[in-house]
Amino acid sequence: MTADLVLMGGNLITLDRMRPRAAALAVRDGRFVFIGDDAAALALAGPQTLRIELGGRTVVPGFCDAHLHLLWYGTQLLRQADLVGSATIDDLLTRLSDQAAKTGNGWIQGHGFDQDKLSERRFPTRAAWIASRNRVPFLSRESAAMQRWSTRRRWRW
C-alpha cells in the first residue's frame, strides 16, 4: 500500500492517550493509514506520494476556529435580549419583556431570532408588541433584516 500524502518532522497532536504526540502521518484515499515516526511514514511513500516536511510545526486534528469577538459578545449578552432559539412569538415577546424589565426606560435590543424558525413563521406585529405591555422601543438584529418596533410604529429596512 502506497500513501498519497506523508507529513513528517512535525508535532502532531493525536488525542490518543496512549500516544499523545507523533512526528509523522500517512494518508491514503483521504484516510489516515499511519501515525507515528518519520521513518515508518516514509516507508509508506511511493513515487507519486506528496511529501511535506513540517519543520517542527504543529498539526491539530479537527481544529475549527469559531472566531468570537469576546468583548463584543459579552457586551451583547449583558445588554441585549438573547432571542436565539425562540420557538414562538410569545416566547420571543417574553424574552423581550424580561430584557425591558432589566433595562428600564429607553430602547432595548435583541439579537438572534429567525422569523422562519418561529412556529408562526412570521415577524411579530406591532399589535403583539403592544399587547405584551411593553412600552419601550425595540431594535432587533436577526437573520436577514433589521427590525424596529415601538408603541407608535414599525419600520423595516
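State yes or no: is residue 30 at positive phi and out of contact with any Cys (no Cβ under 6 Å at 6 or more places or on another chain)? Here the answer is yes, as residue 30 does meet what is asked.
Before we move on, is residue 52 among the hydrophobic types (A, V, I, L, M, F, W, C), under 30 Å from residue 26 (Cβ atoms) and either in contact (Cβ under 8 Å) with a residue 24 or more places away in the chain or touching a strand residue (DSSP E or B) at 6+ places or on another chain (Cβ under 7 Å) (or both)? When the stated conditions are applied, residue 52 passes them.
When the range 10-62 is filtered for residues that are loosely packed, with under 12 Cβ neighbours inside 10 Å, more than 31 Å from the chain's Cα centre (by Cα) and not aliphatic (A, V, I, L, M), the ones remaining, listed by number, are 46, 47, 48, 55. Here 103, 125, 94 are screened, and the one residue that is polar (S, T, N, Q), surrounded by fewer than 19 Cβ atoms within 10 Å (Cβ to Cβ) and either at pLDDT 85 or above or in contact with a His (Cβ under 9 Å, 6 or more places away or on another chain) (or both) is 94. Pairing each residue of the range 63-90 that is surrounded by fewer than 15 Cβ atoms within 10 Å (Cβ to Cβ) with any residue that is modelled with pLDDT of 90 or more and aliphatic (A, V, I, L, M), provided the two are 6+ apart or on different chains, yields C-beta distances under 8 Å for 87/118; 88/118.
Scanning the range 107-122 for residues that are over 19 Å from the mean Cα position of the chain (by Cα) and surrounded by 13 or more Cβ atoms within 10 Å (Cβ to Cβ) yields 108, 109, 115, 118, 120.
Applying the condition of being of a type in the set (D, E, K, R) and touching a Ser or Thr at 6+ places or on another chain (Cβ under 9 Å) to the range 77-90 and asking which residue is nearest to residue 128 (Cα to Cα) yields 90.
The values are calculated or read from the model by the stated rules, or taken from the named source; none is laboratory data. Everything quoted here is computed from the prediction, not taken from an experiment. Backbone-built Cβ (ideal geometry, glycine too); neighbour counts: all protein chains shown.
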